[in-house]
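The values are calculated or read from the model by the stated rules, or taken from the named source; none is laboratory data. Since the model is a prediction, treat every value here as computed from it, not as a measurement. Heads up, the Cβs are rebuilt from the backbone with ideal geometry, glycines too, and the neighbour counts pull from every protein chain shown. Accessible surface areas use protein heavy atoms only, side chains included; no ligands, DNA or RNA. Shrake-Rupley method; radii C 1.70, N 1.55, O 1.52, S 1.80 Å.
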Amino acid sequence: MATLNELFAKIAAGRKPAPAGPVEYLIVGLGNPGPKYNGTRHNAGFMALDALAEKLGTRVEKLQFKALTGDAVIGGKRVLLLKPGTFMNLSGQAVQEAAAFHKVPMDRVLVLMDDVSLPVGALRIRKKGSAGGHNGLKNIIYLTGRDDFPRVKIGVGEKPHPDYDLADWVLGKFSPEDAKTLLALFGDVPAICELFVQGKLDEAMSKYNRSGPPKAKAAGPSAGGHEG
């Protein structure tokens, strides 16, 4: 029978070492905090970040910078995974605080976000740009004074008709079929993030930008302002 020391040594051997050195990159998932928002269209960024964390063998659960954070190593670089704990329209508070604390320039901040102008499962990586009506992105740009940070836009589908209330649409939940499509999309997120930290965003755009759902591929699950 193994001794206690041997058991502890075995457990320790199975753990990944804590990331060392300064944080060099931020990867931010956008969404609204709280169980009632799990599985909603506006939380696609949270879901993508959770899938990434699961793939990396870490958890996004440490409370700091008005957010939940997790430490990870991607492509040999120390990366902070971040889920703002404010509502969507105040997402920039957490991003600005974390970037300032770790002295991470905005071109090393990658934002994962929902996009209602893209079909479910479509994906668009951009190096910079305007908020395009997205309140989370708008607040990040406002508080950091920068729009030259990369983002991964995750298609969640357009409103079913023009008169449909946008807030109701983005706060609605994915159908089981759409959720399955997104799980396949999330399988590409780790590779996109690795190319990002390697300075190969053009390659990521060429390889992963698409106007429709990806080929079937497995991935992990998820789960003072206002929600929109």
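Structure above, values below:
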item	result
Yes/no for Asn43 being outside any loop (DSSP other than H, G, I, E, B), of a type in the set (S, T, N, Q) and either touching a His at 6+ places or on another chain (Cβ under 9 Å) or crowded, with 22+ Cβ neighbours inside 10 Å (or both)	yes
Test result for Glu6, surrounded by fewer than 18 Cβ atoms within 10 Å (Cβ to Cβ), in a helix (DSSP H, G or I), of a type in the set (Asp, Glu) and modelled with pLDDT of 90 or more	no
Filter pass, Leu49 being modelled with pLDDT of 90 or more, surrounded by 18 or more Cβ atoms within 10 Å (Cβ to Cβ) and assigned to a helix (DSSP H, G or I)	yes
Residue that is most open to solvent (accessible area, probe 1.4 Å) [pool: residues in region 52-88 that are closer than 19 Å to Val109 by Cβ and part of a helix (DSSP H, G or I)]	Leu56
Filter pass, Leu110 being under 25 Å from Leu171 (Cα atoms) and touching a Phe, Trp or Tyr at 6+ places or on another chain (Cβ under 6 Å)	yes
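Quick grid of which residues meet (1) touching a strand residue (DSSP E or B) at 6+ places or on another chain (Cβ under 7 Å); (2) open to solvent by less than 40 Å² (accessible area, probe 1.4 Å); (3) not hydroxyl-bearing (Ser, Thr, Tyr):
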{"position": "Val95", "(1), (2), (3)": "yes, yes, yes"}
{"position": "His102", "(1), (2), (3)": "yes, no, yes"}
{"position": "Met113", "(1), (2), (3)": "yes, yes, yes"}
{"position": "Ser117", "(1), (2), (3)": "no, no, no"}
{"position": "Ser130", "(1), (2), (3)": "no, no, no"}
{"position": "Leu137", "(1), (2), (3)": "yes, yes, yes"}
{"position": "Arg151", "(1), (2), (3)": "yes, yes, yes"}
